[in-house]
Amino acid sequence: MAQAPDELDELAINTIRTLSIDAIQKANSGHPGTVMDAAPAAYTLWQQFLRYDPKASHWMNRDRFVLSAGHASMLLYSLTHLAGIEAAETSYQEKGGEAVSLADIESFREENSRCPGHPEYGWTTGVESTTGPLGQGVATSVGIAMAGKWLAATYNKPDFELFDFNVYALCGEGCLMEGVGSEAASLAGHLKLSNLCWIFDNNNVTIDGHTDITFTEDVAKRFEAYGWNILHVTNANDLAELAKAYSDFLATEDKPTLIVVHSHIGYGSPGKHDTPSAHGEPLGPDEVRRTKEFLGFDPDRFFVVPDGVRQHFTTHMGQRGADARAKWEALFADYAKKHPDQAKQIELIRDRELPQGWDSDIPEFPPDAKGIATREASGKVLNAIAAKVPWVLGGAADVAGSTKVILDYPDAGEFQPYGELGDYGGHNLRYGIREHAMCALVNGMVLTGLRAYDSCYLIFTDYARGAIRLASLMDLPVLHIWTHDSISLGQDGPTHQPVEQLVSLRAVPGLMVIRPADANETVEAFRLAIPHKSRPVALILTRQAVPTFDRSTFAPASGLAKGAYVLADAPDGKPDVILIGTGSEVSLCVAARDMLAKDKIKARVVSMPCRELFDAQDDAYRESVLPSSITARVTVEEASPIGWDRYAGPKGIVLGMNTFGLSAPLKVVSEHFGFTPERVAAAAKMALGL
C-alpha cells in the first residue's frame, strides 16, 4: 500500500536523521545534534522550494544552498544522496554516477570518501562552498547573492529573465556570533539583497554549553536593525510553518530574510535532546538504538534508505529542478539568437574563460628613474582589463582611492541598490571597513563565475585570513590586491607597517603571492593572474614610487612568469655575488650592484617576485638563475626573514625585519633599519669574505 505524502515526508526526514547518526557513530566522530533538529527545515526547502536539477548541478540559474553550519555536514551528504545528485566533473571527481553514494556515507570522515568532516567545494558535487569555520558560509552566501543581482542587472532583458536565483544559507548560533557573519549581514542589509535567505537554526546550544552563558542578545532585533526581514518558525518540525516562512521570503522584494527556526538540538534522542553533548560527539550505541526506536526505525539495521524515499525526492525536487532547467535552457537558446554578444559573455563566465583581446589595452610603462608606485601601475592595468572583461568587478575595504582599485572607465558604475548611488549592474563594490567579509564575499562572487577582486592594506589581511585561506582551499581564482606592502609606507608606523604578513601568506598552500619590482612587472603579474581558473593570486604593491627599469638594458619583465629571473647580470655572465630582491628592494639591489662594480666586484641581480612560481620551475632553470657554484648571496626584503635562507644558502646573508617598524619619514625608516644600497653592498662584501 502506497504511503501518503505526509507519511513519506516524515519518513524522508527521519531517513536523513538516521543516516547521519549511523555515519557519525561509525566514524566515532562528528556532530549529530544539528542534523537531527534541522532536518525538517532543510528537507522542506529542498523538496518544496529549491530550484536545483540533480542531473545538472552547475546549471547557472540554480538556487544555491550553503550549509554554513558545516559541522552538520551529514545533513548535506544525506540530502545529496537521497536527492540523487549526479557527480559533475571537477579536479577531484569524475562526471557521472552518484555524487554521494551510500558507501561514501558509510565511510564518513574516512580517506577518499566524498563525505569529509566538513563540506569541501570541488570534492563533493552539491557542495556550493567549503564551510566549517563558522561564519564563512553565511558571508560567502552574501557574495553569491550579490553576483546573482549583478548577473540579473547586466544580462536580463525584457522577456528574458535569465537570472533570478535565490541563495539559502543554513546557520547556527556560532555563525551569528562570528564577526564575519555580522559584517556580511550588515552589508547585505544595506544592499537590500532580496534574493538572500539565512535559516537560523536556533537551538540555543554550542559546544561549551547552552547559549545563556555567552549569547543572550536578541538576534532578530539585531538583524531588524541591519534592515532584514525577520520571520519566525516556532516549531521546527512543522512543515507547513516552515513552508509558509519560505513562501514569505519569496514574496519579499526589498530586503534579505532571516528565518529564525526555534529548534531542539538532538531532536529524537531521548537521552540527549536539548543537551550540549548532542552537539559535538556521537550519540553512542545505546542512544542511537533508542533514537531509532523513537523515529520508528529498526535499531538493529544501519544505513537504511526505505523504499520510496529517493523516488519521493525525484518526484518533487528532481522533477521541479529538471523542468526549471529545461525551461531556462530553451530561454537561453532564444536569448542567444537575439543577444548573441551577451550570450557569449555568459558562456565565458560559466566556463571561466576570457574574451579575445582581453589584454590588448594593457599599458606599457616607459623607463623612469623616479618611477611610479606599483599600486598606481596596478590601477591603470586593472582599468584596462576591466573595460574589456565586463565581469571583472570589485573594490576595497574603505581604501579604494588609496589602493587604486576604483574602476573609472565609462559606465563602470557603482554596485548599490537601485537609486541615486548606483544600481546592481555597477562594477565598483563598496565593502566598507569589513576586511573579513570582503574576502568572503569575493569568494562567493568567484564561485558564481565572476572575476571579483578585493583590496586593502597588506597589514589588514590579518583580519581576513579565514576567507583568504578558504579561497585557496577551494581553488578559486580570486584576485587579491594588497598595498602599502612594507615598512617603507613610513609615518603611519608599526601598527600599519607589515612585517610578518608576507611569510604567513606564502605559507598558505596554493596562494600565489606576487610582489612586483616595478610598473612593468606589475603588468606581467596581471597577465599571469587574470587567466588563472583555479588558483588565487595576491598582488603585493608599494605605496611609494619605485623606479621603472629600462628594459632595453635590463631583462624583460616577462621573466616574472617564472617567479624569479636574472634582471641584471655580470658583464661576462660570471658573477661573484648574487643579490636577490623582491618589490621595492630590487632597486636597492640594482643600486648596490653599481656600487660593487666600482670595487671591481661583479654582481648579478635576481628579481624574485613570486617564490612559489620559482620553486615550481625545473632544476635546470633554477640552477641557471641561482647557480649552486655561487655561494655568495644576499637576499633583501623589508619583511620577516623566515624562508629566505633557502635562497641565500648556507653562506649567504639575509637582510630582513626582525622587529616591528618605526613611525618616521620613509628615508629615515630605511636608514634606521639598514635598507639602503650601501648596506646591501656591504652585505655582499661580507658574503664574499671581504
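Things worth noting here:
- Screening the candidates 89, 110 for the property of being of a type in the set (Asp, Glu), out of contact with any Leu (no Cβ under 9 Å at 6 or more places or on another chain), closer than 21 Å to residue 283 by Cβ and in a loop (DSSP other than H, G, I, E, B) yields one hit, 110.
- Counting only helices (runs of 4 or more DSSP H) wholly contained in the stretch 608-690, no element carries 3 or more residues that are touching a Pro at 6+ places or on another chain (Cβ under 6 Å) and either surrounded by fewer than 16 Cβ atoms within 10 Å (Cβ to Cβ) or of a type outside the set (Val, Ile, Thr) (or both).
- Evaluating residue 206 against the criteria (1) open to solvent by less than 40 Å² (accessible area, probe 1.4 Å); (2) modelled with pLDDT of 95 or more; (3) in contact with a Phe, Trp or Tyr (Cβ under 9 Å, 6 or more places away or on another chain) leaves one unmet condition, (2).
- Among residues of the stretch 508-530, those that are among the acidic types (Asp, Glu) and not in a helix (DSSP H, G or I), counted: 1
- Flag for residue 363 being in contact with a Leu (Cβ under 9 Å, 6 or more places away or on another chain), surrounded by fewer than 18 Cβ atoms within 10 Å (Cβ to Cβ) and either not in a strand (DSSP E or B) or not small (Gly, Ala, Ser) (or both): no
- Scope the stretch 422-443; condition outside any strand (DSSP E or B), open to solvent by 10 Å² or more (accessible area, probe 1.4 Å) and free of Cβ contacts under 8 Å to residues at least 60 places away in the same chain; matching residues: 427, 433, 435
- Among the residues of the stretch 221-240, those identified as within 20 Å of residue 6 (Cα to Cα) and open to solvent by 50 Å² or more (accessible area, probe 1.4 Å) are 234, 235, 237, 238, 240.
- Matching residues in the stretch 553-578 - criterion: being in a helix (DSSP H, G or I) and within 24 Å of residue 653 (Cα to Cα): 560, 562
- Contacts under 8 angstrom Cβ, first residue in the stretch 458-473 being within 19 Å of residue 132 (Cα to Cα) and in contact (Cβ under 8 Å) with a residue 40 or more places away in the chain, partner open to solvent by 10 Å² or more (accessible area, probe 1.4 Å) and part of a helix (DSSP H, G or I), 6 or more apart: 466/436; 467/436
- Qualifying residues in the stretch 14-54 (those that are charged (D, E, K, R) and over 27 Å from the mean Cα position of the chain (by Cα)) - the one nearest to residue 259 (Cα to Cα): 37
Rundown of residues vs (1) open to solvent by less than 10 Å² (accessible area, probe 1.4 Å); (2) under 15 Å from residue 486 (Cβ atoms); (3) aromatic (Phe, Trp, Tyr), yes/no style:
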site	(1), (2), (3)
512	yes, no, no
526	yes, no, yes
529	yes, no, no
535	no, no, no
552	no, no, no
555	no, no, no
579	yes, no, no
590	no, no, no
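The values are calculated or read from the model by the stated rules, or taken from the named source; none is laboratory data. Source: prediction; values computed, not measured. Cβ coordinates were reconstructed from backbone atoms using ideal geometry, including for glycine residues, and neighbour counts include every protein chain displayed. To get the accessible areas, we keep the full protein, side chains included, count just its heavy atoms, and leave off ligands, DNA and RNA. Shrake-Rupley method; radii C 1.70, N 1.55, O 1.52, S 1.80 Å.
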